[in-house]
Amino acid sequence: MIKERSSFTVGEEAILTKLVSDDDIKAFARISGDDNPVHINDDYAKGTMFGGRIAHGMLVAGLISAVLGTMLPGPGAIYLSQQLRFRAPVRPGDQVTARARITEWNSEKGRVTLLTDVINQEGSAVIEGEARLVMSAFLKR
């Protein structure tokens, strides 16, 4: 049985690092239906302000969801909201690190607020934001 956490400390942090591959981008386009050529067509993308193909912003943001759902707060965490600011593109072959850090824990309501961000291999922010979640055990009370 998977045990859901019931207590957190402000400042706790978790990270997940991933190399974003061309296959990831193509799979996301297939699954989401977002076949914008800036993501999947080299010739088209070269003519854009990015000068080449970029990963879908929501593919990269999905790494934040992976951190929240599997690490911190972890199993039982249910999204209430996620605010995102896209700061820079992610390209095929970039290594990105998604991070979540607890900024607020309401032990009575089981609600947790986290600062969320994703940085690239150069340490530059590609996504910044904030997430609010509730632990499912608190919904049963």
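The values are calculated or read from the model by the stated rules, or taken from the named source; none is laboratory data. Treat the numbers as computed from the prediction; the structure is a model and nothing was measured. Reconstructed Cβ throughout: ideal geometry from the backbone, glycine too, with neighbour counts over all protein chains shown.
Yes/no matrix, rows are residues, columns are (1) acidic (Asp, Glu); (2) modelled with pLDDT under 95; (3) farther than 30 Å from Met135 by Cα; (4) more than 16 Å from the chain's Cα centre (by Cα):
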residue: Met1; (1), (2), (3), (4): no, yes, no, yes
residue: Ile25; (1), (2), (3), (4): no, no, yes, no
residue: Ala55; (1), (2), (3), (4): no, no, yes, no
residue: Ala66; (1), (2), (3), (4): no, no, no, no
Original post:
Would a scan of region 120-128 turn up a residue that is part of a strand (DSSP E or B) and farther than 30 Å from Ala27 by Cβ?
Top reply: no
Original post:
Scanning for something in contact (Cβ under 8 Å) with a residue 40 or more places away in the chain, in contact with a Leu (Cβ under 8 Å, 6 or more places away or on another chain) and over 20 Å from Asn120 (Cβ atoms), does region 21-29 turn up at least one residue?
Top reply: no
Subject >> Within region 30-65, considering residues that are touching a Leu at 6+ places or on another chain (Cβ under 9 Å) and touching a residue at least 60 places away in the same chain (Cβ under 8 Å), the one surrounded by the most Cβ atoms within 10 Å (Cβ to Cβ) >> reply: Ile64
Subject >> Residue that is nearest to the chain's Cα centre (by Cα), among those in region 109-119 that are farther than 28 Å from Pro89 by Cβ and assigned to a strand (DSSP E or B) >> reply: Val112
Original post:
Scanning region 92-116 for residues that are buried (at least 18 other Cβ atoms within 10 Å of the Cβ) and touching a helix residue (DSSP H, G or I) at 6+ places or on another chain (Cβ under 8 Å), which turns out farthest from Ala55 (Cα to Cα)?
Top reply: Gly110
**OP:** Answer yes or no: is there a residue in region 110-118 that is of a type in the set (Asp, Glu) and closer than 25 Å to Lys3 by Cβ.
**Re:** no
